[in-house]
Amino acid sequence: MNVTEALNARISIRAFKPDPLPEMLVREILDVARYAPSGGNLQPWKVIAVSGAERDAVVALAKANLPGTEDDRPVYPANLWEPYRSRRYKLGEDMYALLGIPREDKSARLMHLMQNFEFFGAPVGLFFVIEKAMGHGQWAHMGMFMQSVALAAIERGVGSCMQEAWARMRIPLAAHFALPETEMIYCGMALGYADETKPVNALRSDRAGVEDFTTFKGF
């Protein structure tokens, strides 16, 4: 699998098989991803990987603290504007259509969202940790690292779902993992084998064309 194939194959998996991932395979994925770009070679990321009883403990923690709270670093800006609002709306509608959940069934939609906090059934959860004092550049580098994890995983037949929903659990997670005051959870990632029998895993989000986001000059 080359880079283009990996980029085309990577999607957010929202239904996983229960099959376990060996620690050696998770280590291998992270070993490849550590070569992600990092300005000044700061490598501002830390990872907490949970499986088995540790994963179950985190899931129980989330359920006890739902719906959670957003801090001063919310997932989305308030009053999202165009074209971003429409993009987010369409993704949601496409996903719920595959799930067969109509707009008026608010409880079913909420129940699906809550599956974020069960890693959508994935056997492994990753939490990405960063120093609070780091700036926007280092947060971007964290994103590059996360993308590298997802691509290294798909090359090995392992699916992933980047889960910013876990940002609502930053406070209880920090206490659970005994993080120092200087560190915070950025988000989580579900890691495991995709259940290809689930319609939701057919979801592929629409993407804007190159001409929509690029201005070419001097060519």
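The values are calculated or read from the model by the stated rules, or taken from the named source; none is laboratory data. From a predicted model like this one, the values you see are computed outputs, not experimental measurements. Neighbour counts are summed over all protein chains in view; Cβ atoms, including those assigned to glycine, are modelled from backbone coordinates with ideal geometry. Keep in mind that these areas ignore ligands, DNA and RNA; they rest on the heavy atoms of the full protein, side chains included. Shrake-Rupley method; radii C 1.70, N 1.55, O 1.52, S 1.80 Å.
Note on segment 124-219: enclosed helices (runs of 4 or more DSSP H) holding 3 or more residues that are touching a residue at least 24 places away in the same chain (Cβ under 8 Å) and either in contact with a Ser or Thr (Cβ under 9 Å, 6 or more places away or on another chain) or farther than 23 Å from A62 by Cβ (or both) are 136-155.
Taking segment 179-219 as the range and being over 12 Å from V129 (Cα atoms), among the hydrophobic types (A, V, I, L, M, F, W, C) and over 19 Å from the mean Cα position of the chain (by Cα) as the test, the residues that pass are A208, V210, F213, F216, F219. Filtering segment 103-113 to residues that are open to solvent by less than 60 Å² (accessible area, probe 1.4 Å) and over 15 Å from K198 (Cβ atoms) leaves D105, A108, R109. Against the condition acidic (D, E) and touching a helix residue (DSSP H, G or I) at 6+ places or on another chain (Cβ under 6 Å), how does E155 come out, does it pass? For E155, the condition - acidic (D, E) and touching a helix residue (DSSP H, G or I) at 6+ places or on another chain (Cβ under 6 Å) - is met. Of the residues in segment 86-107, not one is of a type in the set (V, I, T) and either within 19 Å of R168 (Cα to Cα) or outside any loop (DSSP other than H, G, I, E, B) (or both).
Screening segment 140-185 for residues that are touching a strand residue (DSSP E or B) at 6+ places or on another chain (Cβ under 9 Å) and hydroxyl-bearing (S, T, Y) and picking the one that is least open to solvent (accessible area, probe 1.4 Å) gives S160. Among V58, V50, V26, which is the only one that is closer than 18 Å to F119 by Cα, touching a His at 6+ places or on another chain (Cβ under 9 Å) and crowded, with 16+ Cβ neighbours inside 10 Å? Unique residue meeting the criteria: V58.
Filtered by the rule that a residue be open to solvent by less than 100 Å² (accessible area, probe 1.4 Å) and within 19 Å of the chain's Cα centre (by Cα), segment 77-89 gives a lone residue, P77.
Taking (1) free of Cβ contacts under 8 Å to residues at least 12 places away in the same chain; (2) open to solvent by 90 Å² or more (accessible area, probe 1.4 Å); (3) under 19 Å from the mean Cα position of the chain (by Cα) in turn, N41 satisfies each apart from (3).
The set of residues in segment 12-23 being open to solvent by 30 Å² or more (accessible area, probe 1.4 Å), within 18 Å of the chain's Cα centre (by Cα) and not hydroxyl-bearing (S, T, Y) consists of R14, K17. Taken over segment 126-153, residues that are touching an Asp or Glu at 6+ places or on another chain (Cβ under 9 Å) and closer than 17 Å to L21 by Cβ amount to 1.
The residues of segment 26-80 that are β-branched (V, I, T), in contact with a Lys or Arg (Cβ under 9 Å, 6 or more places away or on another chain), under 20 Å from S160 (Cβ atoms) and not in a helix (DSSP H, G or I) amount to a single one, V75.
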